[in-house]
Amino acid sequence: MNRDTVEPTATRLADGRAILFFGDGGAPSVGVDRRDLPVRPAEPATTIRRDPTTGDTVIVAPARQERTYKPPRSMCPLCPDPDGLSSEIPAADYDVVVFENRFPSLATPAGFVPAPTGGVADPLRVETPGVGRCEVVCFTSDHEGAFAALSPRRARLVLDAWAHRTAEMFARDDIEEVYCFENRGEEIGVTLPHPHGQIYGYPFRTRRTAALLRTAAAYRAERGGDLFEAVVAAEIADGARVLVRTEHTTAFVPYAAKWPVEVHVYPNRHVHNLTELSSAEADDLAAVYLTILRAFDALYGSPLPYIASWHQYRTGAAEGYLHAELFSIRRSADKLKYLAGSESGRDAFITDKTPENIAAQLREAIG
Ligand SMILES: [Zn+2]
């Protein structure tokens, strides 16, 4: 890592889950979780099945049906709770908090050792325990807030928290991929309005990552050089879709954007993950990221539902370039894009806005 690691204050929730407080300054006043929570299972509660026809992975997580669904504000599990009785965060206040998800899609219980598979596996019935890690990241204690409303300093603290978690998860052998993301807006199924994101530590390589790495390896074999560096350079040279270009960061609408609103944000220097950024690069990335999210909300004059998806790779990996992909299903002030036959049935997207047009609209929203 090129800079000092931010060290959180770490403690445990009533059922043993880890919770980490990242502070803007000074130690937070952390209380005690006094809830009577059920004991966590000793074995993973989910499984991972492989689709024998496509090779895709599906996480089967039936217990998640019981997770918290649109609670009233007084019951918000992400608001600070000094009494330690009603929320996940036993503290009078906080800056940024990360904790293990109570209803994880993936979790490796302490001491769990997967049973040896042994023998010849049936290729039509490949099912493995849902090991890995799922964490929740609260961006602010303000229930009504949004990432776009964070100060640059707080946005940077979120990046530092993501970097801390990325380093820890990539150090584990049961995690293949570390994925920081945010789902924002009821339109895309967010069940808790309190501003938060998640981090998944997958025990397998996801399909999208596999596709990116495969394309990058093929590009290197055919053309020499790094695909992602070439993509950023080509966008800068072209200019038609570039939204923001600063000393350390570039944001653009990708050449083949498939969502009605889509922006990719890259650090100018090729790094694999957030832990490799210098302090100046992390500050700049946080600032540009805020600019894009604010433009999203300005686009139609109302909060835009979006997904923010961070791509990270292990330090030293042959391929891969840290970047964020932000996109929305909203195609106008009052219309959503639905994933219908071509998109859902074939993964073949049809877009009615040119990427250059999306870029022009976003440039106007940035002002
Ligand atoms: Zn809340």
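The values are calculated or read from the model by the stated rules, or taken from the named source; none is laboratory data. Quick caveat: nothing in here was measured; it's all calculated off a predicted structure. Every residue, glycine among them, receives a Cβ derived from its backbone with ideal geometry; neighbour counts consider all protein chains shown. Note: areas computed on protein heavy atoms with side chains; ligands, DNA, RNA excluded. Shrake-Rupley method; radii C 1.70, N 1.55, O 1.52, S 1.80 Å.
Output wanted: per-residue J couplings in Hz (rounded whole) for the stretch 251-267, from phi through Karplus 6.51 cos²θ - 1.76 cosθ + 1.60, θ = phi - 60°, x for Gly and Pro.
After applying 6.51 cos²θ - 1.76 cosθ + 1.60, I find 10, 8, 7, x, 3, 10, 3, 10, 9, x, 9, 8, 9, 10, 10, 10, x Hz.
For labels at S74 and A348 in the simple 7 Å Cα→Cβ model, what's the distance in nm?
5.4
To the nearest 500 deg cm²/dmol, what mean residue ellipticity at 222 nm is calculated for the chain from DSSP H runs of n ≥ 4 alone, each contributing -39,500 (n - 2.57), summed and divided by the residues?
So the calculated ellipticity at 222 nm is -7500 deg cm²/dmol.
Please calculate how many Å² of accessible area the stretch 92-181 carries per residue, with a 1.4 Å probe and no DNA, RNA or ligand atoms counted. Mind dumping the intermediate values first?
Numbers: 3920 Å² over 90 residues.
Computed with neighbouring chains in place, this is 44 Å² per residue.
Determine the principal axes of the Cα atoms in the stretch 164-276, then give the extent along each, sorted from largest to smallest and rounded to whole angstroms.
Taking max minus min along each principal axis of the Cα atoms, the stretch 164-276 gives 41, 34, 27 Å.
Compute the accessible area per residue over the stretch 208-366, keeping the other protein chains in place, probe 1.4 Å, unit Å². Before the final figure, lay out each step's value.
Details: 6830 Å² over 159 residues.
For the stretch 208-366, the solvent-accessible area averages 43 Å² per residue.
Among F252, F112, what's the order by accessible area (1.4 angstrom probe), most exposed first?
Descending accessible area places them as F112, F252.
Counting other Cβ atoms within 10 Å, keep those with at most 16, restrict to DSSP loop, and tell me which trypsin sites (Lys or Arg not before Pro) in the stretch 173-215 are left.
Within the stretch 173-215, the qualifying trypsin sites (Lys or Arg not before Pro) (loop, at most 16 other Cβ atoms within 10 Å) are R205.
Given Cβ point charges of +1 (Lys, Arg) and -1 (Asp, Glu) and nothing else, what value in debye, to the nearest 20, does the dipole of the chain about its Cα centre take?
On the way: 40 positive and 50 negative charges, 140 e Å.
About 680 debye.
Per residue of the stretch 17-25, in order, report the coupling 6.51 cos²θ - 1.76 cosθ + 1.60 (Karplus, θ = phi - 60°) as ³J(HN,Hα) in whole Hz, putting x for Gly and Pro.
Karplus-based 3J(HN,Hα) across the stretch 17-25 equals 5, 6, 9, 10, 9, 9, x, 6, x Hz.
Can you give the convex hull volume of the alpha carbon atoms of the stretch 263-344 per residue, in Å³? Don't skip to the end; give the middle numbers.
Values: hull volume 8.7 nm³, N = 82.
Cα convex hull per residue, to the nearest whole number: 107 Å³.
Hey, can you grab everything whose amide H is under 5 Å from the amide H of T250? Only 5+ residues off in sequence or another chain; H modelled, so Pro and N-termini drop out.
Residues meeting the criterion, in which the H sits 1.01 Å from N, are Y266, N268.
What accessible area, in Å² to the nearest ten, does a 1.4 Å probe give for S74?
100
Over every pair of different alpha-carbon atoms in the stretch 9-204, take the mean of 1/r and invert it; report that Kirkwood radius in Å.
It is 18.0 Å.
For the stretch 208-366, what Kirkwood radius comes out of the mean inverse Cα-Cα distance, in Å?
With all distinct Cα pairs of the stretch 208-366 included, I get 16.4 Å.
Would you mind computing the Rg to Rh ratio of the chain from its alpha-carbon coordinates, Kirkwood style for Rh?
Ratio value, two decimals: 0.95.
Under a 1.4 angstrom probe, counting protein chains only, how are D238, D352, D33 ranked by accessible area, largest first?
Solvent-accessible surface, decreasing: D352, D238, D33.
Show me 186-194, 125-133 ranked by packing, highest mean number of other Cβ atoms within 10 Å first.
Highest-to-lowest ranking by the protection proxy: 125-133, 186-194.
At 1.4 Å probe size, put H264, H270 in order of accessible surface, largest to smallest.
These residues rank, largest area first, as H270, H264.
Comparing V178, V232, V39, which has the greatest mean-square fluctuation in the GNM of the chain with Cα pairs linked when under 10 Å apart?
It is V39.
Over the chain, how many pairs of lysines fall under 20 Å by alpha carbon, counting only those 8 or more apart in sequence or from different chains?
5
Leaving out ligands, DNA and RNA, what percent of the accessible area of the stretch 208-366 is carbon and sulfur, probe 1.4 Å?
After summing per-atom areas, the C and S share lands at 54 percent.
Pull up all non-local amide H partners of L322: gap of 5 or more, or a different chain, and H-to-H distance under 5 Å with H placed in the peptide plane.
V271, H272, N273
Quick one: length gained pulling A333 to I236 fully straight, 0.36 nm per residue minus the C-alpha distance?
32.0 nm
Among residues other than C76 whose Cβ falls under 13 Å from its Cβ, what is the net charge (Lys/Arg +1, Asp/Glu -1)? All intermediate terms of the calculation are to be shown ahead of the outcome.
Values: positive: K70, R73; negative: D81, E88, D142, E144.
Net of charged neighbours comes to -2.
Starting from 0.36 nm per residue, how many nanometres of slack lie between V32 and R214 once their C-alpha separation is accounted for?
Answer, rounded to one decimal: 60.8 nm.
In sequence order, what are the phi-derived ³J(HN,Hα) couplings for the stretch 357-366 according to the Karplus relation 6.51 cos²θ - 1.76 cosθ + 1.60 with θ = phi - 60°, rounded to whole Hz, with x for glycine and proline?
Residue by residue, the stretch 357-366 yields 5, 4, 4, 4, 4, 5, 4, 5, 5, 5 Hz.
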